[in-house]
1. For the range C:225-271, I need the span (max minus min coordinate) of the C-alpha atoms along each principal axis, in Å, sorted largest to smallest.
2. Of the DSSP beta bridges with both residues in chain A, give the percent that are antiparallel, rounding to the nearest 5.
3. After finding the eigenvalues of the alpha carbon gyration tensor for chain A, what semi-axes result from the square roots of 5 times each, listed largest first in whole Å?
4. Determine, from the Cβ-Cβ distance of residue A:38 and residue B:204 and an R0 of 56 Å, the FRET efficiency 1/(1 + (r/R0)^6), rounded to the nearest 0.05.
5. Counting only DSSP beta bridges with both residues in the range C:8-96, what percent are antiparallel, rounded to the nearest 5?
6. Compute the Rg to Rh ratio over the range B:174-309 from the alpha carbon atoms, using the Kirkwood formula for Rh, and round to two decimal places.
7. Taking the DSSP beta bridges in the protein assembly as shown as the whole, what percent of them are antiparallel, to the nearest 5?
8. Apply the a/c threshold of 1.5 to the C-alpha gyration tensor of the protein assembly as shown and tell me whether it is rounded, prolate or oblate.
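Throughout, read-outs are computed from the coordinates displayed, never taken from laboratory work. Keep in mind that this is a model prediction, so the values were computed, not measured. All Cβ positions, glycine included, derive from the backbone under ideal geometry; neighbour counts span all protein chains shown.
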Amino acid sequence: MTLLKPKLSREVAETIAAGGPVVALESTIITHGMPYPANLETALGVEAVIRENGAVPATIAVIDGELRVGLVHRELDELAQAKRVVKASGRDLAVAMVKKQSAGTTVSATMLLADLAGIDIFATGGVGGVHRGAEQTFDISADLTELGRTKTAVVCAGVKSILDIAKTLEYLETQRVPVIAYGTEDFPAFFTRKSGYKADHRLDTPEEIAEAMFLHHKLGTGTGLMIANPIPEAAALTPEFIDGTIADAVREADEKGIGRKELTPFLLARINELSRGESLKANIELVKNNARLAARMAVAYAALKKSGR
Amino acid sequence: MTLLKPKLSREVAETIAAGGPVVALESTIITHGMPYPANLETALGVEAVIRENGAVPATIAVIDGELRVGLVHRELDELAQAKRVVKASGRDLAVAMVKKQSAGTTVSATMLLADLAGIDIFATGGVGGVHRGAEQTFDISADLTELGRTKTAVVCAGVKSILDIAKTLEYLETQRVPVIAYGTEDFPAFFTRKSGYKADHRLDTPEEIAEAMFLHHKLGTGTGLMIANPIPEAAALTPEFIDGTIADAVREADEKGIGRKELTPFLLARINELSRGESLKANIELVKNNARLAARMAVAYAALKKSGR
Amino acid sequence: MTLLKPKLSREVAETIAAGGPVVALESTIITHGMPYPANLETALGVEAVIRENGAVPATIAVIDGELRVGLVHRELDELAQAKRVVKASGRDLAVAMVKKQSAGTTVSATMLLADLAGIDIFATGGVGGVHRGAEQTFDISADLTELGRTKTAVVCAGVKSILDIAKTLEYLETQRVPVIAYGTEDFPAFFTRKSGYKADHRLDTPEEIAEAMFLHHKLGTGTGLMIANPIPEAAALTPEFIDGTIADAVREADEKGIGRKELTPFLLARINELSRGESLKANIELVKNNARLAARMAVAYAALKKSGR
Ligand SMILES: [Mn+2]
Ligand SMILES: [Mn+2]
Ligand SMILES: [Mn+2]
């Protein structure tokens, strides 16, 4: 059975064909992460950062049941305003196609579609992980399994601190996924530069990370890589503030009986309210910071692939 | 290394070669699920339902160490009466071959052999899942991992209610397996039409499900699909009755210190006794109902494949 | 992308090319498991056992960033005395290459490199497993996932009794890994011949095990096999002694707050002290015993492959 080829924008198709650097971007940040027009502005801003750093951005989404890689301005704008857009993880894509739905793609779906399209690097905010209380609920994001199964390298600011970071790191180890921190010994915690846990590896240049990716894939493990890029100092929230805020939001969710699928959106919205918008600002900054690193990695990786080693 | 080709019955071989619709069936229901001759009658009845709906049945088993796909009447009868037949999960098949054993195949083994034979759809009663108490015992069926790794679509009536359904659904999500309910929003609970949990997706025709399968496989995830088909209204047990009965049986098992491998057969046998045979009748009806849907899906899927899209 | 070919020693390369029997060996036992010169003596002793039983040993390690399969005497000696050698699991290999590090390879890394080199059988002491308390910590060795994903057959003396053996067996079942005990019904517990748990399968000759490997791989599951070989009677420690010693060491670790990565080395070192060297002696004997069985399996497996069945 031949695999599906998602529909690529002309720019993305030409860049891939020429072996040039492309960075994939997810779209739940547009469809479910922010209100209009902040979502559109952020999407455009992130794409601009990728271009400034020498690569071509490829925002991934499902539009009217069609798998799309690379959206032009008008399409981004339509997606940013669209109603009735669902959220699709990798396992939801086929049904979204059958139902001709539009969907924002999660980390797992974006990894999968990037890989199908031939894109090796993907920038996002934070990946899903092991939820607090997962020892009882078994609530563990498919993103972690996808990282254990699909070759895309994911540049993120660590995992969201509403998750159980220690368990997430153990799970990634069990799934055999390399976790590489950029320019630091610490595994970052999304809004803050430190999580209290060390990353397995530290590399200090995009070129070294690209080389590690290249060698890792040549080992044939089939796994992706997590590249953990701490939020810029200036944009970081203080650990005390964010920990307290998360604790408050978790308590509130508990009291209101909010669980499972509603929990993450509730916590993120509540944290934003409690932080008076500071967390949203930090979120935008860290995504741009990840886009920057991803673009530089993509440039180095494209060169490595061309070198034909 | 070339893969093993199981021995196909002539009818199954010819149908596969012609691209016609085939539905795989497991055999632990024959070897370990029911007494003779009820097991034989059920097996024949299920095969008849598949034929009535336009597909060819392929019961899968290991006979004297040989992997078999498609049994004729005489062979089904022999298997239904055989003594010393073991139960083989996927990982037990090679040893069964070395020891020249006969074996009923579980869901995981049947998926694997169906896939090796080139059969895409498999009908059964209920798949294995996460056991109650698995947060302590780690007792999680290999069926769930197989669904995350082998492309066969499994038509079932949900997972048995002796399992932890919430954890099973979380585990399937983590394994990236699409869970599609047929004609309902609810994830069914084997003997009853509702489990209290929603399915991720609802599709209303065998043709739509076949299309979702087709598209899903073209994404290259390598996972199977779970198609959850609720037991027919008329055959369903009442939730109060079955929940109480299961609770009684679980308590009894606990008191008698019955655990691990003995637990599931004990619970199923005890539930049947406590229900005075009602649960067995329901079991037979739901398997036939699944065979019907699977056959109709197989007809649609064969047409899709032939269309060469 | 073509896969990396590790650098093979001339002897190993020639034997593989000729379809002859080779047994892979890990190197953390050399770099992190024993002091010099005990580590070198053991390594040489284990290699000698493999040769005596008709196969060629291939110790696997990373030397100055290069993946190596098959070390000559001088190289083993250098590795045994080397300082600043890290421990590399499969996911650490690429970074070790980028950083030009030397590394002892764990079970998961050794399986991966053996498979890349074309070696089917690997002898070690004990594989990693599910740690005690993993229901809270999620600390589960990548070795178990590797067994679920890489075809190498691993000959071991069971899993170390500092682990949670019951959970490890459940996890292997969920990962679909065949567990075959050699010449016994019991799953062994490293220093002792019994763990209190049964193995799934018993086979009594290296030839039968080789045949099970051969057939298992032809099923296309992609998993490895665990061959559990009990420590020789004469070398075994008594269960009472070892259980008490482990309980003491675990309590001590707990009091000192030793956890995660430091825990296993601490426990093994402490058990060795408390046993006045008896556990180290037993460890050496069981590795040699595993090397013997692995070599005999390799001879039988090479013959099977040549037979072209
Ligand atoms: Mn979840
Ligand atoms: Mn089980
Ligand atoms: Mn660990």
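1. Largest first, the range C:225-271 extends 35, 28, 13 Å along its Cα principal axes.
2. Details: 11 of 36 bridges.
Rounded to the nearest five, the antiparallel share is 30 percent.
3. On the way: eigenvalues 150, 107, 71 Å².
The three semi-axes for chain A are 27, 23, 19 Å.
4. Numbers: r = 38 Å, r/R0 = 0.67.
That gives a FRET efficiency of 0.90.
5. For the range C:8-96, the DSSP antiparallel bridge percentage is about 45.
6. Working: Rg = 17.8 Å, Rh = 16.8 Å.
Over the Cα atoms of the range B:174-309, Rg/Rh equals 1.06.
7. On the way: 34 of 109 bridges.
Of the beta bridges lying entirely in the protein assembly as shown, close to 30 percent run antiparallel.
8. Values: a/c = 1.43, a/b = 1.00, b/c = 1.43.
Taking the square roots of the gyration eigenvalues as a ≥ b ≥ c, the protein assembly as shown is rounded.
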